[in-house]
Each structure stands twice: as structure tokens, then as C-alpha cells.
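Values quoted throughout were computed directly from the atomic coordinates according to the rules given, and no laboratory measurement underlies them. In this text the structure is predicted, and so the values were computed from the model without any measurement. So basically every Cβ, Gly included, is an ideal-geometry build from the backbone, and we count neighbours across all protein chains shown.
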Amino acid sequence: MHSVISIRDFERKTIDSLVKEAIAVRRGAVIGHFGDKPILASLFFEQSTRTRESFWVAADSLGMRIIGFAGPEGTSLMKGESLIHTGMMYEGYGASLIVMRHKLGGAARCLSEALRIPVINGGDGPCSHPTQTLGDLMTIKESFGRIDGLTIAMVGDLKYGRTVHSLLQALESYDVKVILVSPEDIAIPSWRIKDYERNSGRKIYCTENLSEALARADIAYITRIQRERFPQGSDGDVAYKRVSGIYCITAELLRNANPRIKIMHPMPIDKDNPEILRDVDLSDNSLYFEQAENGVPMRNVILKKAITDGFGDKDLVPEMPEEIWRKRELTYRAKTGENKVWHLGDGTLIDHIEPGSGHELYNLLKLVNQDATVFVASNVHSTRYGKKDVIGVHDLELTTEQLCLIGLVSERATINYLSNGEVVKKGTVCLPRDILNVVKCQNTGCVSRGEHHESVPSRFKVESRTPLQLRCHYCETPIERKDIRLYTQQQ
Ligand code: NCD
């Protein structure tokens, strides 16, 4: 792995060694210099000061040349050029590496898969910001000498703040206590809490009370309210006004806090509604300037590794069974519906579909395109289930590959292959691990959504088959069966 897309891709041991190396660089270790002046393409489709500048300083110290843009103004993005075409061009101009920031979730993942050179994610919409997290962990380790054993409160805009999303993911593999402080309107998406609690085996404590958290925490990591991510228009304005200025850390407030508490902030601090008052800047509690400065040594190490030996591959999670066809006994009795609504001599019968789901399955399997007569029967009497839908395809054996998506619509459908009116093979199929271009990502800010015109087909990973849970390959938003929407109209 040479790209840095999401902290989920990193093993704890890799994170620890990056932190160790970056601390050494900060203390003066020389990391080297590329003699051949590799090119860093710095593609900032969104605003940035710290992330962009620290990458530049780090790249410069490695002897790299830097090309790219800071904001779409002045580029062909204004003429409607796509993300992938933009990236391909920089690759064509000889870039060895791309650092990018983009408003869409999963943008960095999608570009890294479209190119041969490594891509570093400098922030993708509200989703993740892995290099910030690596710098944050370095700062914590430098300041406390450890990460394990600490209580870390994350405060403020936990809904849109990508830095806290990545930090929370990273902390899954450290022995820490996490407190989340935010009002309901800007609370962290509940799936992120579920992920953390499932993967770490620890509970998160949520509160709206900042003082309570400051009294208990070793670190308060406060974030700016991400005004730019609120919905456009008056609804967004109202929602923003409700929460702007809601939390502000002051020297006064810190009097009742844990006296050794360190305040972190990814910056920038909003000068109109500051999350931290200037009187904290110079106190012993402030850690946010070191945090920003640590961006340089950490990105130094990241650039060096991305160009040379990479970050190692994470051990794969236990594989799901490869076999997608599950054989069933041939206990075929004449179907009650058989004489009433259909008769299938040869072909494929999809039986026991949940009533009302037959047409959805017909669309999902694109049976309209099949050169065969197809029937969909609804509300057929079933001795086992009461009611069922049934799909029959005359004179054609649908392939297992074709049928393997059934699990997206039906939990219980069985497949029968018939020859001369006899069932010759019966079974069920399970979902493949990757589902391409069928399920619509529920995150409207995902790069795979059609309205963004980036020509990125949706892609989901099947994390669990029962109960069904899929996860968007790009923006990492999970989805459960009840929320699945299919692109069934697409031909
Ligand atoms: C943050 C970001 O862009 O996500 N800044 C940063 O990279 N240091 C936080 C923010 O913009 O509020």
C-alpha cells in the first residue's frame, strides 16, 4: 500500500511506527533527500492552509518539485472537467504522487484506483482526513509519552468534522476512553459510534456538557463548526445559527477543568465564533500550535514512505466463503400456483420471494433484457410462508453469477432449475463480496452518486450477509437491508 486514503487501511503497528519516525524527524533526524526531484501534484479542489502548506514544506525538504492548484479557480474544473481526468493529466505530466483534497466523500479512493501513482487523501468532504490523524496521534504521543490509557473528549461539530471521524477510527486500536460532546444537530453519525464500539469492544460516552467533559478528559479535541458542509439555503442557515458558537473554551472555563488537560484543534479557529479564546493560546493547556507544526514532520515521513517502500498491507479480515451457490435437497412438490398462474417445463424458477418484492427482483436482475419469456406472480399461496412471489424464466438457465444479487432483495428466495417439468437442481445463492453499480450510496456527498457526474459506479463491500450489512467502498458509509435503494431502472 503506497496510498493514504483512510485510517481504516492502517494497522496499529504501522501507525505507531509512523508516529515514532515523525517524532524523530521533529527532533532533528534527517529523513533523506530524493536526488531525482520527484514531482508532487498538489490538487486542492477545496480550501486549505495547513494541510497544503505542510505538505509543500515537507516535499520541499525532500527535494521534490511541486505542481498543482489551490482551489478550482483558474483551472479547467471551472469548465466542468472531472476529477479522474484532472488526476490522469497530472500523472501524464510525470507526477510521482498526488496529494488531494476534495469536497466529495471517497474522492481520493476513486482517484487512487484510476491512476498508477499513489494518492494521499488530504480530506474528502466530511468523511476522512487520515494524515491529520497521524499528526494528531504524534502530537498526543509527544506530549503525553503514550496514547493508551488517556481519556479523549471530542467536542463540537462531530457530524461534519472529518478530523474527528478519522481520529475516532484510529483510536479503535488504542486503549482509550472516548467522550463525545455535541448537541444532537451536529452529533456524530450513529454508524461511526457503532463501528467504534464493535471494533474496539469499548463504549463511548456521549454528553452535551462541555464542562463535565473538561473535568474528566486528558485531551479535549475541539473542532470548528463546518459551516460549508451545512445544507445550502435558509434551512442550512437556520441549522447553522442553532449551533454556531455553542462551545467555546476559555481560560475561565479551564479553571474547573482537569488542570493537566491539553486542548487540541485541527485549526482553523473561526474568528467570528471562536471555539477557543485567544487567552488559551498562551496557556500550558494549548497544544494546537504544536499539533499544526507536527504536520510537517509527519507529512515528511508520509511522502517518503509513499514514494519508497509504502505502508505495508493490513492483514485481511477473515474471508467470507467464496462459494456463492448453496445446494438444497430436491423436495419439489407441485406448486399450488403451478396450474393456476404458470407452468414451467424448462427454465429457472425463483421461488419463495417475499410477497411484494418480485417486481423489484425482476428489475434488479434486468430480466426485461433477457431473451426469454418471464413471468412474475405475486401473492401466491405458500404452505411455508403464507404468501410468496415467484419469478419464472422460460427455457433459460440463469447463471449463478446473474442470480447472486438476489440477497439484496430477498432473504429467503430459492432457485430451481427445471427440465421437462422436473426440478433438477435447487439451491440458494449468497451475495458476492463486491457489489458493483447496483446499490445507491445513501450519502448524497459520495463521489459515486450520479448527481456529481464523476462517472464513478457505486461499489459496496458486503461486510455481513446475515444480518445484511454493506459498506460503500468510497465514502465508507454502511447500509443495512432496510435502507438499501437499488439502481434498478438503470439498463
Ligand atoms: C481541518 C479540515 O480541513 O478538515 N483543517 C485541517 O486540515 N487542519 C478542520 C477544519 O477545516 O475545520
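Pop the C-beta distance of Met89 and Asp281 into the FRET formula with R0 = 30 Å and round what comes out to the nearest 0.05.
Values: r = 42 Å, r/R0 = 1.40.
In this case the efficiency is close to 0.10.
Positive end of the charge dipole of the chain (Lys, Arg +1 and Asp, Glu -1 on Cβ, about the Cα centre): tell me which of Thr133, Val429, His165 has its Cα farthest that way.
Value: Val429.
Amide H to amide H under 5 Å from Ser286: which residues, 5+ apart in sequence or cross-chain, H placed 1.01 Å off N in plane?
Ile263
Could you pull out the trypsin sites (Lys or Arg not before Pro) across region 125-184 that fall in loop regions by DSSP (anything but H, G, I, E, B) with no more than 13 other Cβ atoms inside 10 Å? The partial results should precede the final answer.
On the way: sites: Lys141, Arg146, Lys159, Arg162, Lys177; in loops: Arg146, Lys159.
When the trypsin sites (Lys or Arg not before Pro) of region 125-184 are filtered for loop state and at most 13 Cβ neighbours within 10 Å, Arg146 remain.
Please compute P(r) over all alpha-carbon pairs of the chain, binned at 20 Å starting from zero, and give each bin as a whole-number percent.
All Cα pairs considered, the percentages come to 21, 46, 25, 8, 0.
Can you give the helix-only mean residue ellipticity at 222 nm for the chain, where every DSSP H stretch with n ≥ 4 adds -39500 (n - 2.57) and the sum goes over all residues, rounded to the nearest 500 deg cm²/dmol?
Numbers: 16 runs with 143 residues, N = 491.
Per the formula, -8000 deg cm²/dmol.
Given axes a ≥ b ≥ c from the Cα gyration tensor, I'd like to know whether region 1-115 is rounded (a/c under 1.5), prolate (a/b larger than b/c) or oblate. Write down the numbers at each step before the final one.
Details: a/c = 1.92, a/b = 1.48, b/c = 1.30.
In terms of gyration-tensor shape, prolate.
Considering only DSSP states other than H, G, I, E and B, which trypsin sites (Lys or Arg not before Pro) in region 360-466 qualify as loop sites with at most 10 other Cβ atoms within 10 Å? Write out the running numbers ahead of the final one.
On the way: sites: Lys366, Arg384, Lys387, Lys388, Arg412, Lys425, Lys426, Arg433, Lys440, Arg449, Arg459, Lys461, Arg465; in loops: Lys366, Arg384, Arg412, Arg433, Lys440, Arg449, Arg465.
Taking region 360-466 and a limit of 10 other Cβ atoms within 10 Å, the loop trypsin sites (Lys or Arg not before Pro) found are Arg384.
Which shape class, rounded, prolate or oblate, goes with region 185-264 when its Cα gyration tensor gives a ≥ b ≥ c as root eigenvalues, a/c under 1.5 marks rounded, and past that a/b bigger than b/c marks prolate? Spell out each step's value before the answer.
Values: a/c = 2.70, a/b = 1.20, b/c = 2.26.
Taking the square roots of the gyration eigenvalues as a ≥ b ≥ c, region 185-264 is oblate.
Below 8 Å, C-alpha to C-alpha, sequence gap of six or more: please give me the relative contact order for region 410-491 in percent.
Details: 122 pairs, mean separation 19.0, N = 82.
Relative contact order comes out at 23 percent.
Normalising by the residue count of the chain, find the relative contact order in percent from Cα pairs under 8 Å and 6+ residues apart.
On the way: 957 pairs, mean separation 68.9, N = 491.
Contact order relative to length: 14 percent.
So which chymotrypsin sites (Phe, Trp or Tyr not before Pro) in region 147-209 pass both tests, a DSSP loop state and at most 13 other Cβ atoms within 10 Å of the Cβ? All intermediate terms of the calculation are to be shown ahead of the outcome.
Details: sites: Tyr160, Tyr174, Trp191, Tyr196, Tyr205; in loops: Tyr160, Tyr174.
Sites meeting the loop and neighbour criteria: none at all.
Calculated FRET efficiency, Arg326 and Arg227, Cβ-Cβ r, R0 56 Å, to nearest 0.05? Spell out each step's value before the answer.
Numbers: r = 51 Å, r/R0 = 0.91.
The formula returns an efficiency of 0.65 here.
Between Lys194 and Gln47, how many nm apart are label points set 7 Å from Cα along the C-beta direction?
3.4
Please enumerate, by chain and number, the aspartates and glutamates with C-alpha under 18 Å from the C-alpha of Lys366, excluding those fewer than 8 residues away in the same chain.
Within the straight-line limit of under 18 Å, Lys366 reaches these aspartates and glutamates: Asp351, Asp389, Asp395, Glu397, Glu401.
Rounded, prolate or oblate, given the Cα gyration tensor of region 59-175, with a/c below 1.5 counting as rounded? Mind showing how you got there, number by number?
On the way: a/c = 2.58, a/b = 1.80, b/c = 1.43.
Verdict is prolate for region 59-175.
Once the principal axes of the Cα atoms of region 93-236 are found, what is the range along each, listed largest first in whole angstroms?
53, 45, 27
Would you mind pulling out the separation of the Cα centroids of region 248-315 and region 192-206, in Å?
23
Based on the mean of other beta carbon atoms within 10 Å per residue, what is the order of 346-355, 469-478, most packed first?
The peptides rank, most packed first, as 469-478, 346-355.
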